[in-house]
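Readers should treat all values here as calculations from the given coordinates under stated rules, not as data from a laboratory. Remember, predicted model here, so these are calculated numbers, not experimental data. Don't worry about glycine lacking a Cβ; one is built from the backbone with ideal geometry, like all the others, and counts go over all protein chains shown.
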Amino acid sequence: MARLVMKFGGTSVGDVDRIRVVAKRVHASVEEGNEVAVVVSAMAGTTDQLAKWTSDIALFHDAREYDVVVSAGEQITAGLLALALQDMGVSARSWLAWQLPIRSDAVHGNARIEEIDCRELEKRFQEGQVAVVAGFQGKGEDGRTTTLGRGGSDTSAVALAAALRAERCDIYTDVEGVFTADPRIVAKARKLDRITYEEMLEMASQGARVLQTRSVSMAMNHQVRVQVLSSFSNSPGTLVVDEDEVVEKQVVSGIAYSRDEAKITLIRVADRPGVAAAIFGPLADANINVDIIVQSVSEDGKSTDVTFTVKEADFERAVGVVESAKDSVGFDRMISDSNVAKVSVIGVGMRSHAGVAQCMFSALAEKGINIHAISTSEIKVSVLISEEYTELALRSLHTAYGLDAN
């Protein structure tokens, strides 16, 4: 007998029929003798509709009331799944964040879980009851409902698995696992049997949308084994585990991309102490996250060029912030471009293998793809390229690193 957390995303619970299918899957796990807690998202499209209604009522709304509204979708799904299970003869009840409670900080719209009280769930497990928990929700320090940010139900599930000391957290979605690249673009992409926490974290942060970044970070910190699998098939998924559990480590495990990028270059910036703080301080104050930063070497010791990237959604604001800081920074002109994409190759094997970056640069050069900027970490190499070459770059790199399925 195992203790499992099963999480079902919006497409998996997209309508009443899908909820019944999910209930059958949960029922089967209970029949195998498992103790089961289920975490559910809102039905697909529900949260977007609730957010739109909130904005229609009040464009500049109270974040606390916004959380009350947008968290309602998960409450509906939890109740419906509990009813479906009961209809199958399975003892089940729904739980909202305030009932357990799932305690969070008070950052409405992007709260972080601080503690989950599992005492009541533990007692119900002894009675053979399935817990159906509404994801995405928390209970703030003032007792008010909070939400964990988009995709927060993944974080709810991993946090619950950690608190319950579950054997595994199974995250059911509309894909069969984690692939070496986006299979919609790279036809020869293949599903990975296992991937390390670090690789999954890099893939999630570099554009792969299989798991939310915070959920992977939490799984790594608490050593929660996560399985990503499809609720639309019975195929085994991909296990996200500690590096020690991956016997054969690939040099490159996967290739990720993000089109949500924009590039800003400042020409002839005064080359003096404090200039970087003058550029990036105002951006931080405006809550604009900067990713890649490249500074060229000054020829005369008096000026240099600085290039950096931001999310496309922050592009216009970033341009405005930098323009307003022109006098304090001291630069001749600014060149901005939102038609760029970031492509990343990721793998823990990079730690012990040379030539990974050279392979990437050569493969792109062979296809005539120019690199605008480069960023590296211990297990990742990222490049910024023109957006029009994204798909060609992904396919070329996938082949170059020997990732193509046979």
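Between ASN289 and LYS24, how many nm apart are label points set 7 Å from Cα along the C-beta direction?
3.9
Grab the beta carbon distance between TRP53 and SER235, set R0 = 30 Å, and tell me the FRET efficiency rounded to 0.05. All intermediate terms of the calculation are to be shown ahead of the outcome.
Values: r = 37 Å, r/R0 = 1.25.
E(calc), rounded to 0.05, equals 0.20.
Under a point spin-label approximation (7 Å from Cα along Cα-to-Cβ), what is the LYS311-THR376 distance to one decimal in nm?
Label-label distance for LYS311 and THR376, simple model: 2.8 nm.
Which helices of the chain meet both criteria: a Cα extent of 24 Å or more along the helical axis and a mean Kyte-Doolittle score no lower than 0.5, with helices taken as whole DSSP H segments?
Numbers: long enough: none.
None clear 24 Å together with a mean of 0.5.
Which value in deg cm²/dmol, rounded to the nearest 500, describes the helix-derived mean residue ellipticity at 222 nm for the chain, given -39,500 (n - 2.57) per DSSP H run of n ≥ 4 and division by the residue count? Provide the component values of the computation, followed by the final result.
Numbers: 13 runs with 139 residues, N = 406.
That comes out to -10500 deg cm²/dmol.
Only loop residues by DSSP count here, and only those with at most 12 other Cβ atoms within 10 Å; note down the trypsin sites (Lys or Arg not before Pro) in the range 261-359 that meet that. List each step's numbers first, then the result.
Working: sites: LYS263, ARG268, LYS302, LYS311, ARG317, LYS326, ARG333, LYS342, ARG351; in loops: LYS302, LYS311.
Loop-located and lightly packed - LYS302.
Given labels modelled 7 Å from the Cα in the Cβ direction, how far is it in nm from ASP117 to ASP404?
5.8
Excluding residues on the same chain fewer than 8 positions from LYS263, give the lysines whose Cα lies under 24 Å from its Cα.
Counting by Cα, and skipping residues close in sequence, LYS263 has these lysines nearby: LYS302, LYS311, LYS326, LYS342, LYS367, LYS380.
Please order PHE8, PHE280 by the number of other Cβ within 10 Å, starting at the fewest.
Details: PHE8 29, PHE280 19.
Ascending Cβ contact count within 10 Å gives the list PHE280, PHE8.
Taking the Cβ of each residue in PHE125, PHE315 as the centre, tally the other Cβ atoms inside 10 Å and list the residues starting with the fewest. Kindly include the intermediate steps, with their values, before the conclusion.
Working: PHE125 17, PHE315 20.
In increasing order of surrounding Cβ atoms, one gets PHE125, PHE315.
Could you order peptides 173-179, 273-279, 106-112, 252-258 by the average number of other Cβ atoms within 10 Å of their residues, highest first?
On the way: 173-179: 20.4, 273-279: 14.6, 106-112: 17.4, 252-258: 25.7.
Taking the mean over residues of other Cβ atoms within 10 Å, the ranking is 252-258, 173-179, 106-112, 273-279.
Averaging sequence separations of C-alpha pairs under 8 Å and six or more residues apart, then dividing by the length of the range 245-356, give the relative contact order as a whole percent.
Working: 187 pairs, mean separation 53.5, N = 112.
Rounded, it is 48 percent for the range 245-356.
If you wrap a convex hull around the Cα atoms of the range 3-174, how much volume per residue is inside, in Å³?
95
Write down the radius of gyration of the chain and its Dmax, each obtained from C-alpha positions, in Å.
Just the Cα atoms of the chain yield Rg and Dmax of 23.3, 79 Å.
What ratio of Cα Rg to 2.2 N^0.38 Å holds for the range 48-109?
Numbers: Rg = 14.8 Å, N = 62, 2.2 N^0.38 = 10.6 Å.
That works out to 1.40 for the range 48-109.
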